[in-house]
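In what follows, a single structure is set out as structure tokens and then discussed.
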Amino acid sequence: MEQIDIKSLTLEELRGQFLSQGEKAFRAEQVYQWMHEKLAEDFTVMSNLPKTFREWLETEYEYVTLEIVEVQRSKLDGTCKYLFRLPDGHVIESVLMRYHHGNSVCISSQAGCRMGCRFCASAIGGLVRNLRTSEMLEQVYRIQQDSKERVSNVVVMGTGEPLDNYDNLVRFIRMLTHEKGLHISQRNLTISTCGIVPEIRRLAEEELAVTLALSLHAVTQEKRRELMPIANRYELREVLDACGYYFRRTGRRVTLEYSLVAGVNDSDEDAAALAELAGPLHAHVNLIPVNPVTERNFVQPREKVVDKFKKNLEKNGINATLRREMGRDIDGACGQLRRKYVQQPAGKLMKS
């Protein structure tokens, strides 16, 4: 009999499971607390549960815990990049970033990615599979446990397209923010998407308070097609209309992520067009000088070009920030550490 992934069950589902087996309802609260608040690594440490009950749990349920394969720690800013092994042997990566306002963790939602964005290392090699809710939660749990520091912000902006794993994503959000778990505020969660229109609209109906970040990266449909294959499926206007709907439905201002690539999308004309797109959305623009990837030929614009681009936006009344570069002395770009690992003989990493 196939075991049930217990860490992906909500408290209500867990309570129902136990009651159906003749167990007391309070056992669900105890187990849930061990998993999602105390971050227990297995059933054996759940000391307030009877031994016979723990043995039954081990028989009936799969207990997902991610194994830390490698941690790269930046000497520049304390950023830590984690490579995790999933129960089936595939690997994913996550990042811990330390800011003055608290610790932020960037997690992956898929092993690999099928979106194929040209400037991203995550898509090289395609999609392996979606991550389960437990595997998404575990990235946050193991990082908090390893760092011994509380995680206060989470961005689903690592490997994968979150809205391509919609059901597990929404379950992850609800469980991560649950009062019986880590209870991270929904307002401290950001979900990044390259623009899957139906799922943006669907997310707007979930009554969540998370921030939506659109990976825009180009101001015309033609240029966006060159950078992002998803643009062959959805027109730019469709994507922006969906973002406008999300803003109106939730009251949460949308962020437009814009990777600046030298000679591709960093001109004065690009800045003016971006301002025209962002204005009606009341959107915040996050400028990201592209992180160089070995397999890609994109390079960052010069610093003065980036500064001018930002000032042009601000002159047009757009709130814009320049993302602080973190972890540049380690494999900072999404997908780089995982990519390096899978390319090595027998999965051995080259040390940075």
inquiry  = Against the condition under 20 Å from His178 (Cα atoms) and not aliphatic (A, V, I, L, M), how does Thr79 come out, does it pass?
reply    = no
request  = Report yes if Glu138 is in contact with a Cys (Cβ under 7 Å, 6 or more places away or on another chain) and either among the polar types (S, T, N, Q) or modelled with pLDDT of 95 or more (or both), otherwise no.
outcome  = no
request  = Quickly run through the range 1-30 and pick out the residues that are under 16 Å from Glu138 (Cβ atoms), assigned to a helix (DSSP H, G or I) and aliphatic (A, V, I, L, M).
outcome  = Ile6
task = Take the range 224-271 and flag every residue that is within 21 Å of Val306 (Cα to Cα), loosely packed, with under 15 Cβ neighbours inside 10 Å and not acidic (Asp, Glu).
result = Gly263
Top-ranked residue of the range 82-105 - restricted to ones that are closer than 15 Å to Glu149 by Cα and touching a Gly at 6+ places or on another chain (Cβ under 8 Å), ranked as modelled with the lowest pLDDT = Arg98
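Each row is one residue, and each column tells you yes or no for (1) over 29 Å from the mean Cα position of the chain (by Cα); (2) among the aliphatic types (A, V, I, L, M).
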| residue | (1), (2) |
| --- | --- |
| Ile4 | no, yes |
| Leu9 | no, yes |
| Arg27 | yes, no |
| Tyr32 | no, no |
| Leu49 | yes, yes |
| Thr52 | yes, no |
| Glu55 | yes, no |
| Tyr61 | no, no |
| Val64 | no, yes |
Set Val91, Val71, Val95, Val105: member being over 16 Å from the mean Cα position of the chain (by Cα) and of a type outside the set (Gly, Ala, Ser) = Val71
request  = For the range 209-218, state whether one or more residues are surrounded by fewer than 19 Cβ atoms within 10 Å (Cβ to Cβ) and on the phi < 0 side of the Ramachandran plot.
outcome  = yes
request  = Please note which strands (runs of 3 or more DSSP E) are completely contained in the range 89-174 and include at least 2 residues that are among the aromatic types (Phe, Trp, Tyr) and surrounded by 19 or more Cβ atoms within 10 Å (Cβ to Cβ).
outcome  = none
message = Just to be sure I understand, how many residues within the range 198-249 are over 27 Å from Ser267 (Cβ atoms) and in a loop (DSSP other than H, G, I, E, B)?
response = 6
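The values are calculated or read from the model by the stated rules, or taken from the named source; none is laboratory data. The structure presented is a predicted model; accordingly, all values stated were derived computationally and were not measured. Please note: Cβ atoms are built from the backbone with ideal geometry, for glycine as well, and neighbour counts cover all protein chains shown.
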